[in-house]
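Notes to accompany the following structure.
Nothing in this text is a laboratory measurement; each read-out follows from the coordinates by a stated rule. All figures in this text were calculated on a predicted structure; none of them were measured in a lab. Heads up, the Cβs are rebuilt from the backbone with ideal geometry, glycines too, and the neighbour counts pull from every protein chain shown.
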Amino acid sequence: MRRFFALSLATTLLGGCSREDKPPPPVAAPAPTPAQPSPEAAPSKLTLPLPPPPPKEPTAFDKAVQLHAQGRQSGESGNFQEALKHFQQARELAPEWPLPLYDTALTHLLMGESAKALQIYEQVDKLAPQGFSDTKRVIECLRREKSGRIPKGTFLKFIEAMRSPDPEEMRKKLEALTRSAPNFYPAWRELISYGEGLDEQERRLEKALSLKPDIESKGELMLYKATLMRRRGKDAEARVLLQSLVDDPQWLPSTVNGAKEALTLTLPP
């Protein structure tokens, strides 16, 4: 809670002296003319500070934000049950806020409860149909795990790989995923930047696109493709691709905004 402090100057401005410390009375002086009023005749005006306003009562959303932060702290320390409790309390106070629900799904995924996680991620997608974080990608991958198109637990291994602090360790884990789950497009997408030269990067990008990714991931890949085209010196072709992303209503706002930014700031006019 924010605290307010007020420094009172009343003692400094109005404090009196003891009888012994008072100076002797001044010698009487002739009365001043009306045109020259005595300064002692004017009343002393002291401006005292106004009292501070009372602290603002936190709203329900403020409390939800605090509970969500506590949930994340619990989750980071490995106390998943405590994290879930805080996320639930935050959701009750702010039911339209997707983040506590999203982190609830992620917590269940980290606990190895992929079926439960999928159900909650689908709730997040209904709450934010235009996309929220990587929800659409996670849903598609968990559905593929459920149907047997990729091995169960693949996405959890992907999360572990992406948390690797060392880039070389991350690369090795991602490459291992492409061997154990060749149709797992998020790993191919992350490996693009590790490719040696434009040829290898373009090959990996096309591999990821060929695996029919979700609309969110596909949009990211198309933006990446425009970047690689520019590196090839194909600025005009890249602009055509980016403009098509802006004009086509199928793309999510994140893709459209990324294309607009690239057209305005990245590529030359």
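Observations
- If R0 equals 30 Å, the separation of the Cβ atoms of R171 and F61 corresponds to a calculated FRET efficiency of about 0.15.
- Note on Q243 and D199: the model spin-label points, each 7 Å out from Cα along the C-beta direction, lie 3.2 nm apart.
- Whole-number percent relative contact order across the range 49-175, with pairs defined as alpha carbons under 8 Å at least 6 apart: 14
- Computing FRET efficiency as 1/(1 + (r/R0)^6) for K152 and K126, where r is the C-beta to C-beta distance and R0 is 22 Å, gives about 0.35.
- Here the relative contact order of the range 116-269, from alpha carbon pairs under 8 Å that lie six or more residues apart, stands at 17 percent.
- Full extension of the segment from K85 to I215, taken as 0.36 nm per residue of separation minus the current Cα-Cα distance, would add 43.6 nm.
- Spin-label model distance (nm) - I159 vs A236, 7 Å beyond Cα toward Cβ: 4.8
- Where the Cα pairs of the range 215-269 fall when distances are cut into 10 Å bins, in %: 28, 60, 12
- A straight chain from E92 to S254 at 0.36 nm per residue would run longer than the Cα-Cα distance by 55.5 nm.
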